[in-house]
Amino acid sequence: MSIIIKKPSDIKSSEITDQSTYLNRRKFLKQSTALLGAAWAGRIAMPVEAKGNDFPGVIKSSFSTTESINTLKEITSYNNFYEFGTGKRDPAKNAVNFKPRPWSITVEGEANKTGVFDLEDFINPYQMEERIYRLRCVEGWSMVIPWVGFSLAEMIKKFEPTSKAKYVEFTTLYDPERMPGQIRRVLHWPYTEGLRMDEAMNPLSFMAVGLYGEVLPNQNGAPIRLVMPWKYGFKSIKSIIKIRFTETQPPCTWNVTAPKEYGFYSNVNPEVDHPRWSQRTERRIGANFWEPKQETEMFNGYADQVAHLYTGMDLRKYF
Ligand SMILES: Nc1nc2c(c(=O)[nH]1)N[C@H]1C(S)=C(S)[C@@H](COP(=O)(O)O)O[C@H]1N2
Ligand SMILES: [Mo]
């Protein structure tokens, strides 16, 4: 992950790898294994304000929010990741020994270039970016996180979806021995999520492989997860092992589990309450108790970029 030198425009020339690229690539593989091992092993010991350097070529994204960023401690100790338990503190505790290596990703369905890819090969073609996005949980809290990753649209293009591909489905690893929360049937395992193709192709849609400049901590969805900034947090599926292009709307775990409470779209919308609570405001994790809650914004503040995707749709019906 340390030498991401190829730009998306270079992908096609990958067969004619010249000597120096080949050497860099070998160095990359060697380095990444060492680096990743060290980073994962040392996760707990990292100081709160650490700004890592696992992605030296990372560029800053113009999509980033200017709000103040949550601390690494906050981001890694208050998580929703039911595969490691249902409590907010459970993932930090129960994911310590999870090894997100080796890791492969299967791409299947309505696309020309499907297959099984090793994680390094999978992420190597993309320009790594830091994107500071707010994560707004449906439960009414939010965090601001400096993600590192790449454009989902760039990734999708690489697999050449066919004209039949109307949706894209993502699946989390199912392995109760490694993900002990899966022993209990609290959700329909494996966790799945889905997007309409035009949502997935929006420039804001993001695949994260790191945060705070470091490889993704286990509790935040190592080694690779989705980040959808205008949707409630649960759409941002963690620890992805499969990506499938489909003609019909894929089943999504929360929607299947509680269809009256969680729709397919799950766009952040202060106008549409959750059946059991309001969505008008949110509590920023780490804020002092005397600070007022924040007003939740339509599409989490990204209306200019995404509202057009839903023109003519009744957002109370398609919540
Ligand atoms: N596989 C999987 N992905 C998941 C979840 C989960 O339980 N399992 N929780 C979701 C929810 S509800 C939220 S709010 C975010 C939390 O992301 P974070 O812990 O990195 O802040 O992850 C989402 N992705
Ligand atoms: Mo959430």
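The values are calculated or read from the model by the stated rules, or taken from the named source; none is laboratory data. For clarity, every value in this text was computed on a predicted model and none was experimentally measured. Please note: Cβ atoms are built from the backbone with ideal geometry, for glycine as well, and neighbour counts cover all protein chains shown. Calculation scope for accessible area: heavy atoms of the full protein, side chains included, ligands and nucleic acids excluded. Shrake-Rupley method; radii C 1.70, N 1.55, O 1.52, S 1.80 Å.
Using the crude model of +1 on Lys and Arg Cβ and -1 on Asp and Glu Cβ, and no other charge, please compute the dipole size for the range 64-126 relative to its Cα centre, in debye to 20.
380
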Quiz item: Any idea how far apart F289 and D314 come out in nm if each label point goes 7 Å out from Cα toward Cβ?
Solution: 4.4
Quiz item: Once amide H atoms are built 1.01 Å from N in the peptide plane, which residues 5 or more positions from V215, or in another chain, come under 5 Å H to H?
Solution: D54
Quiz prompt | Whole-Å semi-axes of the range 8-310's equivalent ellipsoid (Cα gyration tensor) | solution = 29, 23, 20
Quiz item: In the range 8-310, carbon and sulfur make up what percent of the accessible area (probe 1.4 Å)?
Solution: 54
Quiz item: Based on the Cβ-Cβ distance from R184 to W277, what FRET efficiency comes out when R0 is 35 Å, to the nearest 0.05?
Solution: 0.90
Exercise. Give the accessible surface of the range 8-310 per residue, rounded to a whole number of Å², with probe radius 1.4 Å and ligands, DNA and RNA excluded.
Key: 45
Quiz item: Which pairs in the list K99/K166; K158/K293; K88/K231; K99/K235 are over 30 Å apart, alpha-carbon to alpha-carbon?
Solution: K99/K166; K158/K293
Practice problem: Output the peptides 147-153, 61-67 sorted from most to least packed, where packing is the average of other Cβ atoms within 10 Å over each peptide's residues. | Solution: 147-153, 61-67
Quiz item: Accessible area of E271, 1.4 Å probe, to the nearest 10 Å²?
Solution: 100
Quiz item: Taking a ≥ b ≥ c as the square roots of the eigenvalues of the Cα gyration tensor of the range 170-319, is the shape rounded (a/c under 1.5), prolate (a/b larger than b/c) or oblate?
Solution: rounded
